[in-house]
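Undergrad: The structure follows.
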Amino acid sequence: MTIRAAIRDIASHFPEQRLTNEALAAEMGDWDAEKILAKTGIAERRIAAPDECASDLGVAAARKLFDRGGCGPKDVDFLLFCTQSPDYFLPTTACLIQERLGLPTHCGAIDFNQGCSGFVYGLALAKSLVETGTARNVLLITAETYSKFLNPKDRSVRTIFGDAAAATLISGIETDRELIGPFVFGTDGRGAEHLIVPAGGMRKPRQAETRLEREAESGNWRSEDNLYMNGGEIFSFTLQVIPGLVDELLAKSGRARESVDYFFFHQANAFMLKHLRTKMKLPAERFWIDVESCGNTVSSTIPIAMSEALARGVVHPGEHTMLVGFGVGLSWAATMVEI
Amino acid sequence: MTRSEFLDEFRRILEMEHLDESDDLGEGGLDSVVVLSLLALIDEGFGISVPAQALAESKTPAEVIALIEHSGGQVG
């Protein structure tokens, strides 16, 4: 018998404030709440408070996971924190989370900067830690506050993104079955400019000039301090890459499409997901689409979807699921998970 | 997908009653929602993808059709 990594539990947390389509429509003046829902599948998204960071959301998600009883803080020996909105450039936000959660000081803790593919990348890291005997209980937290990057006058992104966090426990169990994996990864930095916050890092520090708002396409306003997304280019990338990614993972895992009990794709927006599902001829009853109450929560969309699907009885322990993350970077990753 | 089928769907996406190939699509270009819908339509109807930026900057339906043909799509 071998030690294999397995997902043991998932918990999620959302900030209190809700931004509804009605509120967005009232703010923008010439928008229609029903149209936003029809186009995106999103009715509301949660927004972090001004003093609420991704780490706060992550800590809350982890505490919910601990409260469920499967694991306590003292059991965690490695913390992986996936975010693109850290508390500071330094120190590592995972170190701050270690202290706040009361994880033992012998626990490893690192941040990794990844977006929509981040949960799948995190599973790969966690699996590697567990199956090499480096760690026994890995706490993978994905947390994001993209709302803080958005310009209030940029309609192209305000309807889409919501803030949230998820905490996932990956532990070793004795079995000969591969419960997480195999993986397929992909990266294409040529698409980096299609989803970016240009200023604020070391390449272009924030200054007066980067704060200047300019009117861009379709009457959207943004500065270089704000998030820019070329939705068309991101969609094109998705159409070109994801069908092949799914086929590649099926081949690598020796599975037929029909043997996958459920597909969890990154919940970018309902329009894109429905088109992908139709294009790839995946059955609707085995393909999760639900962005209505939280929008695109970046690296947390997949664990939130899995958690919700389990709670609703849509998937059951022992079933074989495919997780597909894709987006900012451009980055993509897919894996098989036995729930 | 034929040319007229494509124009019918294009018209539906723009929520317009009438749309000819030479009609001006507006100074500011196509908005992101329209671009996404067109990309999906082109993918479904022609099995190809077109450069999203070029699509967004198209001035007329004729330019969009030319973009499709240039990208390998067979517009019947």
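The values are calculated or read from the model by the stated rules, or taken from the named source; none is laboratory data. Note that the coordinates shown come from a computational prediction; the quantities given were computed from them, not determined experimentally. Cβ placement follows ideal geometry from the backbone for every residue including glycine, while neighbour counts extend to all protein chains displayed. Please note that ligands, DNA and RNA were not included when accessible areas were found on the heavy atoms of the full protein model with its side chains. Shrake-Rupley method; radii C 1.70, N 1.55, O 1.52, S 1.80 Å.
Undergrad: Looking at region A:138-163, which of the residues that are in a loop (DSSP other than H, G, I, E, B) and touching a strand residue (DSSP E or B) at 6+ places or on another chain (Cβ under 6 Å) is most open to solvent (accessible area, probe 1.4 Å)?
TA: The qualifying residue most open to solvent (accessible area, probe 1.4 Å) is A:Lys153.
Undergrad: Scanning for something open to solvent by less than 30 Å² (accessible area, probe 1.4 Å), within 10 Å of the chain's Cα centre (by Cα) and either on the phi > 0 side of the Ramachandran plot or facing chain A (nearest Cβ under 10 Å) (or both), does region B:15-33 turn up at least one residue?
TA: yes
Matching residues to (1) free of Cβ contacts under 8 Å to residues at least 40 places away in the same chain; (2) in a helix (DSSP H, G or I); (3) out of contact with any Asp or Glu (no Cβ under 8 Å at 6 or more places or on another chain); (4) β-branched (Val, Ile, Thr):
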{"site": "B:Met16", "(1), (2), (3), (4)": "yes, no, yes, no"}
{"site": "B:Glu21", "(1), (2), (3), (4)": "no, no, yes, no"}
{"site": "B:Ile48", "(1), (2), (3), (4)": "yes, no, yes, yes"}
{"site": "B:Gln53", "(1), (2), (3), (4)": "yes, yes, no, no"}
{"site": "B:Ser58", "(1), (2), (3), (4)": "yes, no, yes, no"}
{"site": "B:Ala66", "(1), (2), (3), (4)": "yes, yes, yes, no"}
{"site": "B:Glu69", "(1), (2), (3), (4)": "yes, yes, yes, no"}
{"site": "B:Gly72", "(1), (2), (3), (4)": "yes, no, yes, no"}
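Undergrad: Given (1) within 14 Å of chain B (Cβ to nearest Cβ); (2) within 20 Å of A:Thr145 (Cα to Cα), identify the lone condition not met by A:Arg206.
TA: All conditions pass for A:Arg206, except number (1).
Undergrad: How many of the residues making up region B:23-44 are closer than 13 Å to B:Ile68 by Cα and either in a loop (DSSP other than H, G, I, E, B) or in contact with an Asp or Glu (Cβ under 7 Å, 6 or more places away or on another chain) (or both)?
TA: 1
Undergrad: Can A:Gly102 be described as open to solvent by 30 Å² or more (accessible area, probe 1.4 Å), at positive phi, in contact (Cβ under 8 Å) with a residue 24 or more places away in the chain and not hydrophobic (A, V, I, L, M, F, W, C)?
TA: Spelling it out, it is not the case that A:Gly102 is open to solvent by 30 Å² or more (accessible area, probe 1.4 Å), at positive phi, in contact (Cβ under 8 Å) with a residue 24 or more places away in the chain and not hydrophobic (A, V, I, L, M, F, W, C).
Undergrad: Are any residues in region A:212-245 in contact with a helix residue (DSSP H, G or I) (Cβ under 8 Å, 6 or more places away or on another chain), away from chain B (no Cβ under 14 Å) and either surrounded by fewer than 15 Cβ atoms within 10 Å (Cβ to Cβ) or not polar (S, T, N, Q) (or both), and if so, which ones?
TA: A:Glu224, A:Asp225
Undergrad: Only one residue in A:Ser293, A:Ser300 is open to solvent by 10 Å² or more (accessible area, probe 1.4 Å) and more than 14 Å from chain B (Cβ to nearest Cβ). Which one?
TA: A:Ser293
Undergrad: When you scan region A:168-187, do you find a residue that is assigned to a helix (DSSP H, G or I) and open to solvent by less than 30 Å² (accessible area, probe 1.4 Å), even just one?
TA: no
Undergrad: Something else now. Kindly check whether there is at least one residue in region A:252-272 that is open to solvent by less than 20 Å² (accessible area, probe 1.4 Å), more than 12 Å from chain B (Cβ to nearest Cβ), more than 22 Å from A:Phe185 (Cβ to Cβ) and aliphatic (A, V, I, L, M).
TA: no
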